[in-house]
Amino acid sequence: MKVCFLTLLALLLAAMPSYGNAAESARVFDFAVKLDGDQIGYHRFEIVDDGALLRVTSEAKFDVRFLFINAYKYRHTGNELWDGGCLSEFSANTRVNSKKLNASGSRQDDRFVIAGNSQGSSGSDCVMTFAYWNPEFLKQSQLLNPQSGELLDVDIEALPAETISVRGGDVAASVFRLTAKKMDLKVWYSPDNEWLALESVAKGGRIIRYELT
C-alpha cells in the first residue's frame, strides 16, 4: 500500500458516541501519529451526542524534522455536525507548511453543497466523511474529504482478522482496506467496533500509523 504522504494526511481527517447529557456523552479518541515508528504528532477527535445531533471536532498537529530542521509542518482543525447518521454541515481549516486550505459545506434541501477549495454538490441522501470513528461509513461508495471538500469514490474490502497491540494489550481486531484516488490504507476495529488504529505506506516506503493512546 503506497500513497503520497500529503495525500494521506488530507484523507485521514475527518472520528462512537455514548448517551446522556452533553458532558457525559462526550467521547474522545486520542491518536499518536507515527512515521516509521517515530512519533511526529497527534490527532484528537471529540464526539458529543447532543440529542438528535452529533457534534464532532478534530485537531491534528504533525511536525517532521530532518537534521534538526522542521521539514514538514501540518496543522488542522475541523468541525462536523451529523443528523440521523448523515453529515449536516462541516468546516475545516488546514495549514500545510505555508499553504492554507479552507473548506465547508452544508445540507441544503435535497443536496449537500460544498464550498472552499473544491466547490460542488452531491445529490446523495446521506453524505459522510472519512468518519473512521463510525464503522457505518464503511458501507458508503463515496466519501467527502473534509480538508479539500472533494467527494471521492471509494472501494472498501474486509480483510482477515488480526491481533494487534492497543494500550499495552492484545486485541483481536477486524480489518478493512480502503482505496480512493491516491489513497490506500488499512483500518482496525475492536469487537465492540471501536476504532483502534490506521496505517498506510507513504511514498518511499515510509510507514504512517495512527495508534490509540
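Using a probe of 1.4 Å on the protein chains alone, the accessible area found for I40 is around 20 Å².
Counting only Cβ charges, +1 for Lys and Arg and -1 for Asp and Glu, the dipole size of the stretch 51-149 around its Cα centre is about 640 debye. Positive contributions from Lys and Arg (+1) and negative ones from Asp and Glu (-1), summed over other residues with Cβ under 11 Å from the Cβ of P135, come out at -2.
For K61, a cut-off of 19 angstrom between C-alpha atoms picks up these lysines, skipping any fewer than 8 places away in its own chain: K34, K73, K99, K100.
Between Rg and the Kirkwood Rh of the stretch 164-206, both from Cα atoms, what is the Rg to Rh ratio?
Working: Rg = 12.0 Å, Rh = 11.5 Å.
Answer for the stretch 164-206: 1.04.
Peptides 142-152, 77-87 ranked from most to least packed by the mean count of surrounding Cβ atoms within 10 Å: 142-152, 77-87.
If each residue of separation counts as 0.36 nm, what is the full-extension length gain between T77 and L159 once their alpha-carbon separation is subtracted?
On the way: separation 82, 0.36 × 82 = 29.52 nm, distance 3.11 nm.
Separation in residues times 0.36 nm, less the Cα-Cα distance, equals 26.4 nm.
Counting only Cα atoms, the size of the stretch 24-115 along its three principal axes is 52, 33, 17 Å, in decreasing order. Our compactness index for the stretch 47-200, the C-alpha radius of gyration over the empirical 2.2 N^0.38 Å, is 1.12.
Both the radius of gyration and Dmax for the stretch 34-87 are 15.7, 50 Å, in that order, over alpha-carbon atoms.
In this Cβ point-charge picture (+1 for Lys and Arg, -1 for Asp and Glu), the stretch 151-208 has a dipole of about 360 debye about its Cα centre.
Within a Cβ distance under 10 Å of A60, other residues only, what is the Lys/Arg minus Asp/Glu net charge? List each step's numbers first, then the result.
Numbers: positive: R44, K61, R75; negative: E59.
Around A60, the surrounding residues sum to +2.
Estimated at the nearest 10 Å², the accessible area of D63 is 30 Å² with a 1.4 Å probe.
The values are calculated or read from the model by the stated rules, or taken from the named source; none is laboratory data. Predicted, not measured: the structure shown is a model, and the values here were computed from it. Don't worry about glycine lacking a Cβ; one is built from the backbone with ideal geometry, like all the others, and counts go over all protein chains shown. Remember, those area values only see protein heavy atoms, side chains included, never the ligands or the DNA or RNA. Shrake-Rupley method; radii C 1.70, N 1.55, O 1.52, S 1.80 Å.
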